[in-house]
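Novice: Attaching a single structure in structure tokens format; questions to follow.
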Amino acid sequence: MIKNILNAIKAYAGTFKLIGQLGLWKYFGVPMAISFLTAVAIGFLAWGLSDNLGAFISKIWFWEWGAETFRTISDFIGALIIIALGLILYRHIVMALSAPFMSPVSEKIEKHLFGENHSHRNTSNLGQLWRGIRINVRNLLMELLFTIPIILIGFIPVIGIISSVLLFLVQSYYAGFGNMDYTLERHYKYSESIQFVSRNKGLAIGNGMVFMLMLLIPVVGIILVLPLSVTAASTETLKVLESTKQIGFNGELDRN
């Protein structure tokens, strides 16, 4: 897994060159706009709800002494929860709506790496959008299933430090999952793609780690995160797919 994580991270190094070489920037216009507008909308929502959530959390403190201090802490905790959940919603909304634009990018990279005759399933824009929504709704529910207990662990002294690392890894995995599926949707059915990513968790985590870190860069990160992460995920996913096919082909020869 460690090797795959490192390979997925290294794949980002050549993304600018590959995007320019294949003329892919034109495909990223709408997804970049979706990414920016979604981030702004969720940002305002987080700003508006953090105080309300903080007030709700502060109600668990029944004593008068320290109430003001606990309210301040509650506001901070509320903001962290909103930001964490906001990032999750942001990623899945953007990835789902960007599917019809990202799939052609992955396909062009595939043709560049393996030629015009590289076989894959033919999918429509509507099919890609539905696949993107279906995968991201599934991933959203799974991510929330893991995230909520991890956030609760964060309230436990000392052990709570681990929750930040776990939360980052979980979010990285599902971010990478979404980026990989733009390629997988042409090769695998829904359930098969889930199995593929499960077997290649390192690729998903490595790709998603850079994705998550890029979101920390104001404005620029939000705009460039999809072009770079999708390009990096496509190249590494395609390499694994090709390697899997070669292994399968050699296995058939051995049996014959």
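The values are calculated or read from the model by the stated rules, or taken from the named source; none is laboratory data. Source: prediction; values computed, not measured. Cβ atoms come from the backbone with ideal geometry, glycine included; neighbour counts cover every protein chain shown. What goes into the accessible areas is simple: the full protein's heavy atoms, side chains included, and nothing from ligands, DNA or RNA. Shrake-Rupley method; radii C 1.70, N 1.55, O 1.52, S 1.80 Å.
Novice: Out of (1) at pLDDT 90 or above; (2) of a type in the set (Val, Ile, Thr); (3) over 20 Å from Ile135 (Cβ atoms), what's the single condition that is false for Thr237?
Specialist: In the conditions (1) at pLDDT 90 or above; (2) of a type in the set (Val, Ile, Thr); (3) over 20 Å from Ile135 (Cβ atoms), Thr237 misses (3) alone.
Novice: Also, quick follow-up: Cβ contacts < 6 Å: first residue open to solvent by 10 Å² or more (accessible area, probe 1.4 Å), restricted to the stretch 172-193; second residue of a type outside the set (Ser, Thr, Tyr) and not in a helix (DSSP H, G or I), any location; separation 6+ or different chain. Result?
Specialist: Correct list of pairs: His187/His120.
Novice: Let me ask you something else. Would the stretch 42-53 turn up any residue that is of a type outside the set (Ser, Thr, Tyr), part of a loop (DSSP other than H, G, I, E, B), modelled with pLDDT of 70 or more and closer than 30 Å to Ser198 by Cα?
Specialist: Taking the stretch 42-53 first, the residues of a type outside the set (Ser, Thr, Tyr) are 42-49, 51-53.
The next check asks that each one be part of a loop (DSSP other than H, G, I, E, B); those that pass are none.
Checking the stretch 42-53: not a single residue is of a type outside the set (Ser, Thr, Tyr), part of a loop (DSSP other than H, G, I, E, B), modelled with pLDDT of 70 or more and closer than 30 Å to Ser198 by Cα.
Novice: Do you know which of the residues in the stretch 83-100 that are open to solvent by less than 30 Å² (accessible area, probe 1.4 Å), more than 12 Å from the chain's Cα centre (by Cα) and hydrophobic (A, V, I, L, M, F, W, C) is farthest from Leu129 (Cα to Cα)? Even if it seems obvious, please write down each step before you answer.
Specialist: First, the residues of the stretch 83-100 that are open to solvent by less than 30 Å² (accessible area, probe 1.4 Å): 84, 86, 88, 90-92, 94-96, 98-100.
Then drop every residue that is not more than 12 Å from the chain's Cα centre (by Cα), which leaves 84, 86, 98-100.
Those still in the list that are hydrophobic (A, V, I, L, M, F, W, C) too: 84, 99.
Working: Ala84: 25, Ala99: 5 Å.
Only one residue tops the list, namely Ala84.
Novice: In the stretch 134-155, which residues are over 13 Å from Leu89 (Cα atoms) and part of a helix (DSSP H, G or I)? First the steps, then the outcome.
Specialist: First pass over the stretch 134-155, keeping only residues over 13 Å from Leu89 (Cα atoms): 134-135, 145-146, 148-155.
Matches in the stretch 134-155: Arg134, Ile135, Leu145, Phe146, Ile148, Pro149, Ile150, Ile151, Leu152, Ile153.
Novice: Now for a separate question. Could you tell me which of the residues Val197, Val170, Val158 is of a type in the set (A, V, I, L, M, F, W, C) and assigned to a loop (DSSP other than H, G, I, E, B)? Write out each step before concluding.
Specialist: On the way: Val197 fails: assigned to a loop (DSSP other than H, G, I, E, B); Val170 fails: assigned to a loop (DSSP other than H, G, I, E, B).
So the residue among Val197, Val170, Val158 that is of a type in the set (A, V, I, L, M, F, W, C) and assigned to a loop (DSSP other than H, G, I, E, B) is Val158.
Novice: Same structure again: Hey, any hits in the stretch 85-107 for a residue that's at pLDDT below 90, farther than 21 Å from Gly178 by Cα and in a helix (DSSP H, G or I)?
Specialist: No, the stretch 85-107 contains no residue that is at pLDDT below 90, farther than 21 Å from Gly178 by Cα and in a helix (DSSP H, G or I).
Novice: Among the residues of the stretch 110-160, count how many are of a type outside the set (Lys, Arg) and at pLDDT 75 or above.
Specialist: Selection size over the stretch 110-160: 30.
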